[in-house]
1. Determine the alpha carbon to alpha carbon distance for each of 35/231; 185/234; 100/150 and list only those over 20 Å.
2. Specify the angular offset, from 0 to 90 degrees and rounded to the nearest 10, of the alpha carbon long axis of helix 227-238 from the longest principal axis of the alpha carbons in the chain.
3. Report the relative contact order of the chain, percent, no decimals, based on alpha-carbon pairs under 8 angstrom and at least 6 residues apart.
4. So what's the gap between the Cα centers of the range 16-69 and the range 186-217, to the nearest angstrom?
5. Whole angstrom only: what separates the Cα centroid of the range 97-119 from the Cα centroid of the range 220-262?
6. Taking the chain as a Gaussian network, where each spring joins two C-alpha atoms under 10 Å apart, which residue of 177, 85, 46 fluctuates the most?
7. By how many degrees, between 0 and 90 and to the nearest 10, does the Cα long axis of helix 57-71 differ from the longest principal axis of the chain?
8. How far is helix 250-261 tilted, in degrees, relative to the longest principal axis of the Cα atoms in the chain, given as a value from 0 to 90 rounded to the nearest 10?
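Bear in mind that the values in this text are calculations on the coordinates, not laboratory data. Quantities reported herein were computed from a predicted structural model and do not represent experimental measurements. Cβ atoms come from the backbone with ideal geometry, glycine included; neighbour counts cover every protein chain shown.
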Amino acid sequence: MQKTILITGASTGIGYEAAQALRIAGYRVIASCRKITDVARLTAEGFECLQLDLSDSGSIQTAFKELIALTDGEIYALFNNGAYGQPGAIEDLPIDALRKQFDTNFFGWCELTRLILPVMIKQGYGRIIQNSSILGISAMPLRGAYNASKYAIEGISDTLRLELAGTGVFVSLIEPGPIRSEFRKNALTALLENIDTEQSRHRDIYAKAINRLGKAETNTPFTLEPAAVIKRLKHALESPRPQARYYVTFPTYLVGVMKRILPNRLLDKLLLKIGG
């Protein structure tokens with residue numbers, strides 16, 4: 001039986017590469033995108049594609065109904081991937097921008113997962129795979145909104161994994177470090193829209209961030225292609241005993257080790273240096 005997977009945030013980057021790779025691997029891929037233009041583009045490429053805005057409950061509900069109609073109520077896996085990063089110091093962050101970050105990166109994921117879970121529990125199998133981040137295991141300066149949303153995903157995924165024990169539904173987290181995608185471009189847009197960089201005491205740091213995020217190519221060390229995530233995604237989908245967590249990129253492994261062995265004071269110094 002062909003296995004069906006819903007992938008959110010499939011317009012570019014990890015989501016798009018996952019959709020391509022899993023279709024080649026024989027999965028029935030249902031892609032979803034926020035923008036209707038991206039839905040049209042992926043449909044033209046031969047994908048089954050839904051319009052789904054993770055910050056809009058009505059859009060989530062509609063997309064779920066369309067998903068059930070397409071699949072006759074059989075869903076093997078959900079890859080929660082659609083997200084963006086809101087840069088900015090906590091003191092500069094408007095509360096509405098923080099809410100918007102959580103609407104897309106956390107509440108939207110939770111609502112979609114809650115809709116799909118009864119289907120998986122009833123059929124006795126399923127995979128919920130959450131694309132978290134290195135920033136879901138370690139804080140860094142000027143990334144507080146994104147940090148908080150990913151920490152929240154980590155916590156709720158750990159809880160969900162315990163609650164689903166014995167149901168045949170498995171929950172896994174993927175925790176990438178730097179991956180080549182449009183994440184930086186979207187982060188720059190969010191920074192310029194929501195942060196008054198000129199009036200902040202962090203003005204000089206913001207200027208450097210704007211310069212870095214505006215470059216066509218990233219110079220961040222150890223940046224990998226999306227294929228590095230796909231390898232872990234396939235294991236989470238196909239292993240009879242999927243891991244609770246999958247680290248991706250050297251920085252994630254490094255930070256994971258540092259958190260275990262270093263005192264907080266030394267770790268903070270290193271994270272301040274790494275985080276710019």
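1. Exceeds cut-off: 35/231; 185/234.
2. Rounded to the nearest ten degrees, it is 40.
3. 19
4. 31
5. 23
6. 46
7. Between the helix axis and the principal axis of the chain, the angle is about 40 degrees.
8. In the chain, helix 250-261 runs at an angle near 70 degrees to the longest axis.
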